[in-house]
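Data first, discussion second: the structure below is written as structure tokens.
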Amino acid sequence: MATIPGSAGLPLIGDKSYEFYKDPVKFVNKYMQQYKSRLFIARFLNKPTVFIGSNSAVHEILADSESCMDLGYKQFMEEIYGDNILFTDGDAAFNLRSALLQLFNEDSLKTYQDTVDKIVDKKLMQPNFEEQCCIYEVMKRLCTEICLSLFLDVDFENAEDMAKTIVNLTTTHWHGIISVPIAIKLPLTDGSTYNKALHAKEQLLKIIHCKKKAAEDKFPQKIQEIPHGGEEMFSNNHLLLFTSALVPKALSSLLTSFVIEVAQTQGDSDIQDRIQTDTELMNSYLLEVQRLYPPFLGGRRIMKEDVMVNGYKIPKGHAVLYVTYSAHRDPKAFTDPGDFKPERWNNSNANDQDKLLCFGSGPRGCIGQTLVWNIIQTVIKKLFQRFHIKLQEGQDLNRKMLPVSRPKNNVLAEFTPRIPH
Ligand code: HEM
């Protein structure tokens, strides 16, 4: 049996967390190169941790076919989110998942589409859209409104002040959150930020409580009708999770990457014209955006037993950090892995969608994936129907990966209306 390359180092002094946080992509690339292996061990968060950047090995981890792993998020985020599915394992997690999935089945998703359409139409008609805008900020405002309207029935049109208060609370709550789902304590927050986040959590839970009592037939009511929905903690904490700023940030991350890639095809402006109607073209761009720019760098697992992965034994008690970013750039899975080539999804990788791990995969894969896909397609279609988008020249397009991937600096674009109004 092969030994995992690298060293788990001595407690504390051998810890590599600081090096990782400084530049996670550089860190992973450095050790993968040094050990000539896409799987290596290092001490991280003072725990022996196996970093995995091989596409097939990440698959094995996420499939967890022998049920030998726990999700490794509880110790970092439980206080800030309260108990929820992300901190639950085994049969209990399976039961919560089956219940929550009812909120994201085909019939439920249909009922959300009207809200998404209305918000996107309204936001795209706002006059300030026509100036030079920061793409990420535009997307974040839009996605925040979509998520809070959908999951908490917040009325941005008729109760603007309340909506602003809720947005501010979710931002304060977010600042106390470490990094999800990678779940690593970023040295960004001091004690007072954390306490403010806990206070924001309490305020949000009070708002959630009121929303659940309203006589509507929206998400805060629907969640009470599914199995476990009658349990206060279950519905409150999952509403808190779904309304967290994390979700709009991840959505905006993908949308921003998409817009930047399409807007860069200025020489071939035909792409911008076709992308709204040519679903195949749009999907190939979306898949390539997911591959190169996943919102989350990766995720974590804790081994409950010794586990064999790619011929290596990962001992019980060790952590695994699966690195989606690297798995998506594994040359064994994708030729020219660093190049943005949407056409690969129509030829060499036509049947390889399962190699994309942006939403996880297997028994703990994302339950919101189809909803996300619907929202993103709606935004893109309407955005490119209404505007031609041009990036300001000479901008820094480099990205940061933590806590949620996005351009390091504001990326500005001009949104020129196609149809005068
Ligand atoms: C662009 C947006 C999103 C991205 C990139 C994303 C990504 C992910 C990933 C990677 C995981 C797997 C974590 C792991 O296995 O380590 C996950 C799990 C999960 N996602 Fe999402 N997600 C997104 C949006 C959403 C939305 C909109 C919802 C629901 C409102 C949602 C609900 C969940 C839940 C409940 C889990 C945990 C499932 C379980 O533990 O069994 N996500 N997501």
For the stretch 68-147, what value does the Rg/Rh ratio take when both radii are computed over Cα atoms and Rh is the Kirkwood radius, given to two decimals?
1.14
Relative contact order, percent, the chain [alpha-carbon distance under 8 Å, six or more residues apart]
24 percent
Straight-line reach check, Lys30, cutoff 20 Å on alpha carbons, 8 or more apart in-chain or any other chain, hits among lysines -> Lys16, Lys22, Lys47, Lys332, Lys400
Structure-based [θ]222 nm, the chain - -39500 (n - 2.57) summed over DSSP H runs of at least 4, per residue, nearest 500:
-15000 deg cm²/dmol
Kirkwood Rh (inverse of mean 1/r, distinct Cα pairs), the stretch 227-288, angstrom:
14.3 Å
Per the Debye formula with a single identical scatterer at each Cα and no solvent contribution, what log10 I(q)/I(0) holds for the chain at q = 0.06, 0.10, 0.14 Å⁻¹?
-0.25, -0.72, -1.43
How do 116-126, 245-255 rank on mean C-beta neighbours within 10 Å, highest first?
245-255, 116-126
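Every read-out reported here was derived from the displayed coordinates using simple, explicitly stated rules and does not represent laboratory data. Computed from a prediction, not measured in an experiment: that's the story for all the values here. Cβ atoms come from the backbone with ideal geometry, glycine included; neighbour counts cover every protein chain shown.
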